[in-house]
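First comes the structure, then the notes that go with it.
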Amino acid sequence: MMTKKIETVLTKQRKTFKDYVHLTITEGPQVYILNVIKGRLYPDKKTMNPTG
C-alpha cells in the first residue's frame, strides 16, 4: 500500500492580518483525501509589550 501526501500553504498579506489556506492531499490506491484549513494570522502584539 503506497500513499503519498502533498501539503501546501497559500498566504495572502492583507492590511492587518494574513489569510492562509492549508491544503493537504493524501493519495492512496483508490482514494484521494483533500483537507482544507482556512484561517487568518494576526500579528502577535504581546511580544511588543511583554508582561510578567
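Just for region 37-52: of the residues that are open to solvent by less than 90 Å² (accessible area, probe 1.4 Å) and in a strand (DSSP E or B), which one is modelled with the lowest pLDDT? The selected residue is Leu41. Please find, within region 17-36, the residue that is farthest from Lys4 (Cα to Cα) out of those that are part of a strand (DSSP E or B) and polar (S, T, N, Q). Taking the candidates together, the pick is Asn35. Each residue in region 24-36 was checked for being open to solvent by less than 80 Å² (accessible area, probe 1.4 Å) and either touching a helix residue (DSSP H, G or I) at 6+ places or on another chain (Cβ under 7 Å) or of a type in the set (A, V, I, L, M, F, W, C) (or both), and 4 of them qualify.
For first residues located in region 1-23 and open to solvent by 70 Å² or more (accessible area, probe 1.4 Å), partners that are of a type in the set (Gly, Ala, Ser) and not in a strand (DSSP E or B) and lie 6+ apart or on another chain with Cβ distances below 9 Å form the pairs Met1/Gly28; Met2/Gly28; Thr3/Gly28; Lys4/Gly28.
The values are calculated or read from the model by the stated rules, or taken from the named source; none is laboratory data. Fair warning: this is a prediction, and the values are worked out from it, not measured in the lab. FYI the Cβ positions are ideal-geometry reconstructions off the backbone, even for glycines, and counts take in every protein chain you see. Ligands, DNA and RNA are stripped out before the accessible areas are found, and what is left, the full protein with its side chains, is counted by its heavy atoms. Shrake-Rupley method; radii C 1.70, N 1.55, O 1.52, S 1.80 Å.
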